2 protein chains.
Amino acid sequence: MELWFTETFGDLRAAWRVNEVLYHSRSKYQDVLVLDTVSFGRMLVLDGCVMTTEKDECAYHEMLVHPGLLAHPHPEQVCVVGGGDGGTVREILKHPTVKRVVLAEIDEDVITVSRRFLPRLASCLDDPRVEIVIGDGAAYLANHPHSFDAVFSDSTDPVGPGIVLFEDTYFLSAKSALRNEGLFVTQCKSLWVDVKTAQDIAARLRKHFGIVLPYVSTIPTYPTGSWSFLFASDKIDPRAQCAQDRQKLIAKTARYYTSAHQAGAFAVPAFWGVD
Amino acid sequence: MELWFTETFGDLRAAWRVNEVLYHSRSKYQDVLVLDTVSFGRMLVLDGCVMTTEKDECAYHEMLVHPGLLAHPHPEQVCVVGGGDGGTVREILKHPTVKRVVLAEIDEDVITVSRRFLPRLASCLDDPRVEIVIGDGAAYLANHPHSFDAVFSDSTDPVGPGIVLFEDTYFLSAKSALRNEGLFVTQCKSLWVDVKTAQDIAARLRKHFGIVLPYVSTIPTYPTGSWSFLFASDKIDPRAQCAQDRQKLIAKTARYYTSAHQAGAFAVPAFWGVD
């Protein structure tokens, strides 16, 4: 028997050969599937969309976290919205200045399933510095002004229920939740599929933050294999500043991030519209 | 009717929705297919592998050519091995110092079909500076010592007949065909699929060149969406040197390359093994 899992994304499809279906159920919010794939290891799929795999999660989680967090001179308090698989929290905890990470995840089942099937991502959730809040991350941020040095939005995409995490109200809450020199980073879209929507989201962020920069990573299991992030801050430019002692520490265990990515990741395609 | 073209690459598959099959025939060397896809425009497929599409060819051709060629202080004579679709020649001709480009393509049908269906790539082949040689590019280089400032290897992949273009004899011919300060660039592989083979090819190049550097681009229609190139020279480091007047000129029409890519493209995943 040949077993393949196929994700259809508009007029594109990608498929991975599958050894075994490890888990499949419906949570209160979404369809939750865990596959063991031949070429990317274990794969978490929510509502038919690949969220992360053991092989390429490094290219997502390391690049969501490090370019921004290394640019902050001394991050202590960090919040993750979404991110129930634990990968983002794991990368944040690699920064020794960090004293506390709040994970605000709406779907507890994602955490439970990740703990069981993706321990390399989720086991960090047991770290004593981690506080798990099951609930609406947008509401959490709105209720915790001036609390964080960095907020990472590790959400589903700007379609359906995820769309609120790309809108003005949310960006305003994220901004209000930041302390001085704070920074906000969100995963965004593939620039190859719809650069206009990504530019619109960046323009929305620019209403609230003085510095807004798109950057990219290569993530083979995401549509088109290339993914964007948006960095936002009032004071920090991650291309120009970086805590080099922490960077050396991060580089020791990184599978994707290197010092060359600190500026290099901000090289986005010319069709974004600036040079 | 729903029409999809699917490429299978080991344990991965990618598929694109197709409006129409524009051309399908067998040349002396390979199966040649041209599709009109919904999301990537016209697509050239050789032996079942996507070679180029109208939408993302910029990410391949601009990145094969410009990081290297901009690092050469005054390139005049350039050779392309393969590259029958014309995209690489088009980018080289954007450098006003270039007086002559030799295109050594073994399969004349690829040129004919590209002229007919991919005029945005192939029409530059009519430029008076272009000399087309139908034949074995490796033999051509071996027979033209000290003739070129840059050689670009725009070949099929290191499997089957394409494998000779990744071996010692060919690299030695390419080196011998270069003039002083010459540079060689080859497309390589997806680092996500088989980084070991890419490292082996780089090691082979290092036997002949003092400076060998991997770099990357995002190419959605290639397996994993991320592709590598290898730059080789005895004297030039493209991260450190760049003809800024030509760079500004290139940037005016570039769809993918920006000045930030000149160094940024050399940020390869940490699993390549250096930082």
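The values are calculated or read from the model by the stated rules, or taken from the named source; none is laboratory data. What you see is a predicted model; the values in this text were computed from it and never measured. Don't worry about glycine lacking a Cβ; one is built from the backbone with ideal geometry, like all the others, and counts go over all protein chains shown. Surface accessibility is based on the protein's heavy atoms, side chains included, excluding ligands, DNA and RNA. Shrake-Rupley method; radii C 1.70, N 1.55, O 1.52, S 1.80 Å.
The table that follows gives values for the structure above.
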| item | result |
| --- | --- |
| Gaussian network model of chain A, springs between alpha carbon atoms under 10 Å - residue of A:Gly135, A:Gly182, A:Gly162 with greatest fluctuation | A:Gly162 |
| Whether region A:121-178 is rounded, prolate or oblate, judged on the alpha carbon gyration tensor where a/c under 1.5 counts as rounded | oblate |
| The protein assembly as shown: antiparallel DSSP beta bridges as a percent of all, rounded to 5 | 65 |
| Computed over chain B: relative contact order in percent, which uses C-alpha pairs under 8 Å that are six or more apart | 17 |
| 5 Å-binned pair-distance histogram of region A:140-275 (Cα, whole percent) | 2, 10, 18, 23, 21, 16, 9, 2, 0 |
| Folded to 0 to 90 degrees: helix B:244-253 orientation relative to chain B principal axis, Cα | 10 |
| Label geometry 7 Å along the beta-carbon vector: B:Glu76 inter-copy distances in nm | 6.5 |
| For the axis carrying chain B to chain A: nearest C-beta residue of B, whole Å | B:Gly225, 1 |
| Alpha-carbon radius of gyration plus Dmax, which is the widest Cα pair, for region B:90-145 in Å | 12.0, 35 |
| GNM flexibility winner over chain B from B:Pro238, B:Pro75, B:Pro145 (Cα, springs under 10 Å) | B:Pro145 |
| Cβ-placed point charges (K, R +1; D, E -1), dipole of the protein assembly as shown about Cα centre in debye, nearest 20 | 1260 |
| Estimated dipole of region A:4-52 in Debye, rounded to 20 [Cβ of Lys and Arg +1, of Asp and Glu -1, Cα centre] | 100 |
| Dipole in debye (nearest 20) - region A:57-270, about Cα centre, beta carbon charges: Lys, Arg +1; Asp, Glu -1 | 640 |
| Region B:33-76: Rg to Rh, with Rh as the Kirkwood radius over Cα pairs | 1.17 |
| Average Cα contact separation per residue, region B:31-171, under 8 Å, 6 or more apart, as relative contact order % | 22 |
| Debye intensity ratio in log₁₀ form over the Cα atoms of the protein assembly as shown, taken at each q of 0.07, 0.09, 0.13 Å⁻¹ | -0.41, -0.67, -1.30 |
| Scaled radius of gyration (Cα, divided by 2.2 N^0.38 Å) that region A:23-174 gives | 1.00 |
| Residue-count net charge about A:Ile111 - beta-carbon cut-off 12 Å; Lys, Arg +1, Asp, Glu -1 | -4 |
| Interface burial for B against A (accessible surface, 1.4 Å probe, total of both chains, Å², rounded to 100) | 3200 |
| Across the identical copies, how the A:Gln241 labels are spaced - nm, sorted shortest first, 7 Å along Cα→Cβ | 3.5 |
| Those trypsin sites (Lys or Arg not before Pro) in region B:218-275 that DSSP places in a loop and that have at most 16 other beta carbons within 10 Å | B:Lys235, B:Arg255 |
| Computed label-point distance, nm, for sites A:Thr169 and B:Glu7 using a 7 Å Cα→Cβ extension | 4.3 |
| Among A:Ala251, A:Gly82, A:Ile134 - extreme Cα towards positive end, dipole of region A:57-270, charges at beta-carbon | A:Ala251 |
| Spatial extent of region B:232-272: Rg and Dmax, with the Cα atoms as the point set, Å | 12.0, 35 |
| Ranked packing of A:4-11, A:166-173, A:212-219, most packed first, by mean Cβ within 10 Å | A:212-219, A:166-173, A:4-11 |
| Cα point-scatterer Debye curve for region B:4-53, base-10 log of I(q)/I(0) at q = 0.21, 0.22 Å⁻¹ | -0.70, -0.76 |
| Shielding of A:219-227 by partner chains, average beta-carbon count, 10 Å | 6 |
| Other-copy label distances relative to A:Ala139, 7 angstrom Cα-Cβ extension, nm | 7.5 |
| Over 27 Å [Cα-Cα, chain B], rounded percent | 34 |
| Value of [θ]222 nm, deg cm²/dmol, for chain A, DSSP H segments ≥ 4, -39500 (n - 2.57) each, nearest 500 | -7500 deg cm²/dmol |
| Of A:Phe117, A:Phe231, A:Phe184, the one that fluctuates the most in a GNM where chain A has Cα springs shorter than 10 Å | A:Phe117 |
| Shielding score for B:31-43, defined as the mean number of other chain Cβ atoms within 10 Å | 1 |
| Alpha carbon convex hull of region A:104-207, volume per residue in cubic angstrom | 126 |
